[in-house]
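All of the numbers you see were taken from the coordinates with simple rules; none came from a lab. Just so it is clear, the model here is predicted, and its values are computed rather than measured. We place every Cβ from the backbone using ideal geometry, glycine too, and count neighbours over all the protein chains shown.
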Amino acid sequence: MPATNGAHRHQRSSRLGWIKIGDLKPHPRAQREFRQHRADELVAAFNLEGMGFIVVSKHGDVYFIIDGQHRLAALLMLGFAPDDSVQCEVYEGLTDEQDAELFLERNNYLNNTALDKFRIGVLAKRKVEVEVDTCVRAQGLKVGRGGGIQAVGALMDAYRRTGIEGLGKTLRIIRDSYGERGFEGPVIQGTALTIQRYNGRLDEDQMIRALSRVVGGLGGLMTQAAKTRETLGQPKAQCIAATEITYYNRAGTKRVPGWWKEEAK
């Protein structure tokens, strides 16, 4: 039988409150990118009871939305006024870091982009995201849209395979060999695979010289990798790694076993 004396009850740290729509604002940092089509979908299938509570964090007189910016946009599109009130789940006394962690917890199962999760993970001071972001910035680069690295899944994979030092080497090789165009997911993964497998045996400068001289640049290397993949049927990242090692061994005296020979050991 369920307990009736309250021994197993847990008080939530939030409360429900009626908040004026005009006092609600999307959190400036702990929030996903706004997508108009999502608000349009909510308007088309509007059901006030089924929308759930907007989750907010109170800072001063402003209620920053942690979860529900598209619901707010839908309400405004439907004619709700700034003086109208909606019932929200309210948190008070949180730091920006705690706001970010709350967002990640509340949105764990939603279709957030990898960039949204990474950016807010950095704000929440999650160890892996912070270390990856710090390493990227140390190379004069950034994560994000508009000239930044968007393949955050590949960055995280490279970090887990090679650690901070290996990730830094991966980024420098790509940056100095291909420029910004090189920061595609498979290229990051392939280059990180070479760092992981040869574990200190690769000369970074020789690798950069080799890849910088490939006829056709990144496109030329990818063409060769595609031919290898077509012939051997191996994963794309492995074929990129194998192609990079082939060019590396042609460029200087610090040679290493070929990719497929090394794999056969």
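Any idea what diffusion coefficient the stretch 15-113 gets from Stokes-Einstein, in µm²/s, Kirkwood Rh on alpha carbon pairs, 20 °C, 1.002 mPa s?
157
Arrange 35, 71, 250 by Cβ neighbour counts within 10 Å, fewest through most, would you?
Arranged by neighbour count, lowest to highest, 35, 71, 250 become 250, 35, 71.
Work out the length of the dipole vector of the chain about its Cα centre, built from +1 on the beta-carbon of each Lys and Arg and -1 on the beta-carbon of each Asp and Glu, and round it to the nearest 20 debye.
Roughly 1240 debye for the chain.
Most exposed first by the Cβ proxy, i.e. fewest other Cβ within 10 Å, how do 61, 40 rank?
Sorted ascending by nearby Cβ count, the order is 61, 40.
If contacts are Cα pairs under 8 angstrom and at least 6 residues apart, what is the relative contact order of the stretch 216-265 in percent?
27
How high is the relative contact order of the chain, in percent, with contacts defined as C-alpha pairs under 8 Å that are six or more residues apart?
In percent, rounded to a whole number, it is 13.
So for 202, 48, fewest C-beta neighbours within 10 Å to most, what's the order?
The fewest-first ordering by Cβ neighbours comes to 48, 202.
Give a residue-ordered list of calculated ³J(HN,Hα) values for the stretch 85-92 (Karplus: 6.51 cos²θ - 1.76 cosθ + 1.60, θ = phi - 60°; whole Hz; x for Gly, Pro).
Coupling constants for the stretch 85-92: 10, 10, 7, 10, 8, 10, 10, 10 Hz.
Taking the Cα centre of the stretch 152-235 as the origin, how large is its charge dipole in debye, to the nearest 20, when only Lys and Arg (+1) and Asp and Glu (-1) carry charge on their Cβ atoms?
140
For the chain, place one equal point scatterer on every Cα, skip the solvent, and apply the Debye formula. What is log10 of I(q)/I(0) at q = 0.09 Å⁻¹?
Log10 of I(q)/I(0), two decimals: -0.58.
If each DSSP helix of 4+ residues adds -39,500 (n - 2.57) and the sum is divided by the residues in the chain, what number results at 222 nm, nearest 500 deg cm²/dmol?
Taking each H run of at least 4 residues, the total per residue is -16500 deg cm²/dmol.
Calculate, in nm to one decimal, what residue 134 and residue 85 gain on full extension: separation in residues at 0.36 nm each, minus their alpha carbon distance.
Gain in length upon complete extension: 13.5 nm.
What residue among 57, 136, 42 has its Cα farthest toward the positive end of the dipole of the chain, where the charges are +1 on Lys, Arg and -1 on Asp, Glu, each on the Cβ?
136
Going Cα to Cα from residue 25, which lysines come in below 22 Å? Please leave out same-chain ones fewer than 8 positions away.
Residue 25 reaches 58, 117.
Nearest 0.05, what FRET efficiency do residue 213 and residue 125 give at R0 = 45 Å with Cβ-Cβ as r?
Given R0 = 45 Å and the Cβ-Cβ separation, E is 0.60.
Assuming 0.36 nm per residue, please report the length gained on full extension of the stretch residue 77 to residue 164 beyond their Cα-Cα distance.
26.7 nm
Relative contact order of the stretch 127-264: what whole-number percent is it, with Cα pairs under 8 angstrom and at least 6 residues apart?
Answer for the stretch 127-264 is 20 percent.
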